[in-house]
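Computed from the coordinates by the stated procedures, all read-outs in this text should not be read as laboratory data. This is a predicted model, so every value here is computed, not measured. Note that each Cβ is placed from the backbone with ideal geometry, even for glycine, and that neighbours are counted across all protein chains shown.
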Amino acid sequence: MNKFSIYQYALILLVLVLGSIYALPNLYPTQPSIQVAYTDSAKSADQILLNDLEEILEKSEINAEEIFLRENKIVIKFADVETQLQSKTVLQQALLDRVIIALNLEPSTPKWLKDLGGNPVKLGLDLSGGVHFLLEVDIDTAQEGRLELLLDTYRRTFKEEKIKYDSSSIRDLSLYFQFSDKSSYNRALKKYRDDSLGISGVQYVITERPSTNTLLLEYSDIALREIRDYAVGQNLTTLRNRVNELGVSEPIVQRQGANRIVVELPGVQDPTAAKKIIGKTANLEFRLEANSRTSPLRKEEFNFKDNDFQTAFLEKAVVVTGDRVTNANTGFDESGFSQVNITLDMQGGRAMQKATSGNIGRGLGVLFVEQKTKSELVINDDGDSVIEQTTYIEKNIISLATIQAVLGTSFRITGVGTPAEASELALLLRAGALAAP
């Protein structure tokens, strides 16, 4: 008969005890809660915001079982779902678009068990419920964005090569140019044909109208497939980064079919807040500062991001967008201020070099382009107060510096604010903006 030593029995007992302790968190039910974070993700929730939330809830006679700071969010736990929903409405009406408020479920594991590292098993969407999004990428918008950049490129090229044209525009997802004479028409046609030969095949379909000296340029099927794959791939990377802001355990972000993306967020109760976070867009635009020779029709006035009372005029033509950024990281300049070091792809580097080589001494502005949601308290037809949300695009200058040398694929931008804001900007650039809505 086999006999175990006292040490073997002790080891078995120890494993059973430890297993029982770390299985205990699964016996505690989840608790209704809300997560509150600043809309501007460069800001972290602090004690001031926590005090404001406590004051608003106290005035509304809403009892919160627990309220605490966790990373860059504030978590508020409630006894029941009814109180949770009531508090969300009250806080949203009081703070409007200053914050993002998301409904969630928090584990009610005791502190002593958390201190020992005990956490409940993370359940997927099928067991814990949550939010399922099926997003379709708007390929037409992605194509139109590429055409706008192509239109600016050819306008500059034709000007430099003295190819005269009377009008240019984008019509029905085609690039339209009407040239002044037959010579300009033929030179432009040759330019189009040369540019159309890409590594993967013919990039453009050219429609010739010699009787009116008009050329129409549209993307070929090969180019459209590349645009679609790039847009979906870019959005996948961006969405994966943004989902992390929700603090969701085991999220799923994956491609489905040609131009769709599936997002599953287990445990999230509020699809509106989730949609607001994963759908936000931000990008950069590099533009030359307007000078005395710039036509009023070719320039725009923008506010500075950190100073609404300071403005500057920039040219409408975009040199490079954030889509051309391959890497971005933070650092400090010679004075100890935050900066973002940027690396562009080859196409972006060529465009930046071309724009800056003949403009040393001029200003180069960096525009921060962000899609925002504005919340307003309005009275509906029934006389009830409801929150109405509208989406708008906001463009602000984050940097306006003098071009001191020809820029290429690597350079830096300064005047980006605090180290936290610089890190946020670098993160957005690395993850990229949504390539298409």
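In table form, for the structure just shown:
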item	result
Residues Y28, Y185 arranged by fewest to most Cβ contacts within 10 Å	Y28, Y185
Inter-site label distance for E301 and S211 at 7 Å from Cα along Cβ, in nm	4.7
Neighbour-count order for Y230, Y219, fewest beta carbons within 10 angstrom listed first	Y230, Y219
Whole-Å distance, taken between Cα centres, linking segment 27-90 and segment 166-223	57
Among G383, S423, T402 the positive-end extreme of the charge dipole of segment 280-431 (Cβ point charges)	T402
Cα-based equivalent ellipsoid of segment 1-96: semi-axis lengths in Å, sorted from largest, via gyration tensor	45, 16, 10
Theoretical gain in end-to-end length, E376 to K59 [0.36 nm per residue, Cα-Cα removed]	112.0 nm
Entries in K73/K374; K59/K88; K191/K395; K162/K354; K159/K191; K316/K372 that, when Cα-Cα distance is taken, lie over 25 Å	K191/K395
Global geometry of segment 280-431, whether rounded, prolate or oblate, following the gyration tensor of its Cα atoms and the 1.5 cut on a/c	prolate
Kirkwood-based Rg to Rh ratio, segment 79-180, C-alpha trace	1.36
Backbone HN-Hα couplings from phi across segment 58-63 [Karplus 6.51/-1.76/1.60, Hz, Gly and Pro as x]	5, 5, 8, 6, 9, 8
FRET E, pair L27, D181, Förster distance 56 Å, beta-carbon r, rounded to 0.05	0.10
